[in-house]
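The structure under discussion appears below in the form of structure tokens.
The values are calculated or read from the model by the stated rules, or taken from the named source; none is laboratory data. Model, not experiment: these values are computed from the prediction. A quick note on method: Cβ atoms are made from the backbone with ideal geometry, for glycine too, and the neighbour counts reach across all protein chains shown.
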Amino acid sequence: MAPTARESERYNPLRKLRIIWLSLQHLCVLDKVFLSVLFPFELVAWLFELSTASAALWLTYQHLVSMLLFRFYFGELSIRDPHNVLTGKLGHRLIFCSNHPTGLLDRLLIQYVSPFPCFCLTQNWFEYTNYLEMCLHITQGMSFDHIVERLRAGTAIWVAVGGAREMHPHIRKVHTGPVRIAMQCGDVWLVPIHLAFEAHCQVGTAVLVEVGEPWKIAREDPTSIHGREMVRALTKVLEERLLPLTNWMPVSQDDFGKKGWRGAGETRVAIVEWSKVRVIDSLICLQLVAQGRTIAWAERLGRVRQAVQRTMEHPKENGLEQTMLAFRDFAEAAARHGVKVFQPPTGTYWDVPVLLKAVPRTNPADTGGPWRLPALRNFSHGLHIYSSSALNREDDSGLNVAFRNLMEASKPLMALINSDETKRDQQP
């Protein structure tokens, strides 16, 4: 086995200074401040390893960077880890297999929650975030061979199993890469992970990390006949343990990837799918408003995900299409009364190309246009923030007529949602 490259061998301060100089025109003021503060720490860690052959300062640097950036960019963190994976009881040789809802922020999040140093087998193609990754050094995506070396040396790695960022409420395909890496190294734990953001393009957003059931992979040649069969079987196991956490609905093959005029990442199917998710979310929120109740976002996400998964099993029988039409009428009536049901997130966000930040964006709610993906994925804003007084059903205004029509059309769907809640309450 080839020796693992040390951090000092990968790091070149002169090259780093050149990268920072070239990237200054692409970065905002806050990013420049971060880079100016971090570069001296990298230089000290580099000199320390050259003189002592110890990577202790690199590990400390990694922990400090992930902690500081997490504290700045994220808000409340909720972790569901029923198998205590993040306590470190399984050892260092871990492959975190997760969805990929954002770009650089996913890397920072997994660095923060991992009990051990964790490297990433990912590549972001946006020029802006690539500059940031090169400047931060510790969050850079690595090649396949380098990742295998890291894993054999006892370092955890993170893999986005879908191969790209998911603009849809599901992973379209689980690739075999994590399984093949684990089989090539041997004695490695595969850990399913679900990363969820309350508003995935907003600073200070709440974050939910859900850890699925891990299992250990023995060493096997993934290129042999038996090895290829094992790769397919183990990938199937990974799907069974990961997709119930990440997939809100089945994968749609209908006009997948057609972007039209909506811009990068906004496919027609993605907008339709997220619209279904947010309509069900809004119905649950309306029911909570009527009951005078509030729930935490992490609990709300689990309830909405279960309702969507159950609804998509038999969408026609549950009256989903009729509910969608009635909800659009209600949303239009609410907009005329000054209530914007779905709004895009606010704040600075790294995972957007810097050139796109300067493009003026029109809120579709102001022009009567269709819903857009950023607004549909912003769970921090919605009907749950309004009081029941905003939906006074005693008068005959257009809003209340639309609201009554929505409640009538959604009866089959709400019956299914309420039956799931009853079963959940009855569980010990």
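Key figures for this structure:
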| item | result |
| --- | --- |
| Residue within the stretch 305-320 that is modelled with pLDDT under 90 and within 20 Å of the chain's Cα centre (by Cα) present | no |
| Matching residues, the stretch 151-184, being among the aliphatic types (A, V, I, L, M), out of contact with any helix residue (DSSP H, G or I) (no Cβ under 7 Å at 6 or more places or on another chain) and surrounded by fewer than 21 Cβ atoms within 10 Å (Cβ to Cβ) | Ala153, Ala164 |
| Residue, nearest to Phe34 (Cα to Cα), within the stretch 46-64, restricted to residues that are small (Gly, Ala, Ser) and in a helix (DSSP H, G or I) | Ala56 |
| Residue in the stretch 185-201 that is surrounded by the fewest Cβ atoms within 10 Å (Cβ to Cβ), counting only those that are at pLDDT below 90 and either of a type in the set (A, V, I, L, M) or assigned to a helix (DSSP H, G or I) (or both) | Cys185 |
| Hey, Met230 crowded, with 17+ Cβ neighbours inside 10 Å, over 21 Å from Ser114 (Cβ atoms) and free of Cβ contacts under 8 Å to residues at least 60 places away in the same chain or not | yes |
| Qualifying positions in the stretch 202-227 - within 21 Å of the chain's Cα centre (by Cα), surrounded by fewer than 19 Cβ atoms within 10 Å (Cβ to Cβ) and of a type in the set (Gly, Ala, Ser) | Gly204 |
| Ile147 vs. criteria touching a strand residue (DSSP E or B) at 6+ places or on another chain (Cβ under 9 Å) and modelled with pLDDT of 90 or more | no |
| The stretch 173-203, residues that are of a type in the set (A, V, I, L, M) and out of contact with any Asp or Glu (no Cβ under 8 Å at 6 or more places or on another chain) | Val179, Ile181, Ala182, Val188, Leu190, Val191, Ala199, Val203 |
| Single unsatisfied condition, Gly338 versus (1) of a type outside the set (Phe, Trp, Tyr); (2) over 24 Å from Val401 (Cβ atoms); (3) outside any helix (DSSP H, G or I) | (2) |
| Checking Val33 against (1) at pLDDT below 75; (2) part of a helix (DSSP H, G or I), the condition it does not meet | (1) |
| Test set (1) hydrophobic (A, V, I, L, M, F, W, C); (2) modelled with pLDDT under 85; (3) assigned by TED's automatic domain parsing to the domain that holds Val207 - Val85 fails condition number | (2) |
| Cross-chain or 6+ apart pairs with Cβ under 7 Å, the stretch 43-57 first and on the phi < 0 side of the Ramachandran plot and modelled with pLDDT under 80, then surrounded by 13 or more Cβ atoms within 10 Å (Cβ to Cβ) and outside any helix (DSSP H, G or I) | Ala55/Arg6 |
| Options Leu288, Leu301; residue that is over 18 Å from the mean Cα position of the chain (by Cα), assigned to a helix (DSSP H, G or I) and of a type outside the set (Asp, Glu) | Leu288 |
| Scan of the stretch 375-403 for residues that are surrounded by fewer than 20 Cβ atoms within 10 Å (Cβ to Cβ), of a type in the set (D, E, K, R) and either over 17 Å from Gln291 (Cα atoms) or at pLDDT 85 or above (or both), ordered by number | Glu394, Asp395, Asp396 |
| Filtered residue count, the stretch 41-62, keeping only those that are more than 17 Å from Arg150 (Cα to Cα) and surrounded by 15 or more Cβ atoms within 10 Å (Cβ to Cβ) | 8 |
